[in-house]
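Single-structure report; data block below.
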Amino acid sequence: MSVSKDQSIILQVAGKIAADLTDKTSDTMTNVGNWISAFEAVSEALFGSMGMTVDAESVAPEAMLTDAFGAVEVAPQPASGGFQVRIKGKQHGPIPAWLNSECAKAGVTEVWDNRDGLAVNPKRPWFKAVNGDKAFWEPRAKR
């Protein structure tokens with residue numbers, strides 16, 4: 001996201017005003033949608049009143065949330081035989097299809113996702129069982 005310091009402050013103010021204007025419901029997704037609508041209207045009004053413009057892509061609420069939280073879009077992966085391994089802690093991308101079958105065979109239901117550290121140590125297991133010593137690497141045929 002490429003915005004100036006002044007634009008960043010305006011966006012923060014717009015976010016706060018949008019939050020204050022948004023009616024809260026018990027449905028989180030409705031709340032988020034309402035906040036996004038309010039944020040877009042408020043930020044447009046604030047920038048316009050100051051004669052400023054900003055690239056719409058830079059202030060898209062979805063892009064701001066992705067940047068702020070380092071979010072990665074994760075599509076649900078079909079589990080093999082109905083089994084779905086759980087990731088403990090932070091998940092670093094989509095769960096590879098091979099992991100579910102390997103964990104099911106080993107009787108592992110929960111793993112740590114170590115893929116964020118592979119650049120530093122490529123020999124490190126991609127996934128490590130939370131309980132026990134089982135470790136999982138991408139199958140050689142996939143590499």
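One residue stands out in region 90-143 among those that are polar (S, T, N, Q) and over 19 Å from the mean Cα position of the chain (by Cα): the one that is surrounded by the most Cβ atoms within 10 Å (Cβ to Cβ), namely ASN100. Residue count for region 20-31 satisfying the condition of being modelled with pLDDT under 85 and surrounded by 14 or more Cβ atoms within 10 Å (Cβ to Cβ): 2. Screening region 32-61 for residues that are surrounded by 13 or more Cβ atoms within 10 Å (Cβ to Cβ), among the polar types (S, T, N, Q) and at pLDDT 80 or above and picking the one that is farthest from ALA14 (Cα to Cα) gives ASN34. Scanning region 69-106 for residues that are of a type in the set (Val, Ile, Thr) and modelled with pLDDT under 85 yields VAL72, VAL74.
The values are calculated or read from the model by the stated rules, or taken from the named source; none is laboratory data. Just so it is clear, the structure is predicted and the values come from calculations on it, not from any experiment. Ideal geometry is used to build each Cβ from the backbone, glycine not excepted, and the neighbour counts take in all protein chains shown.
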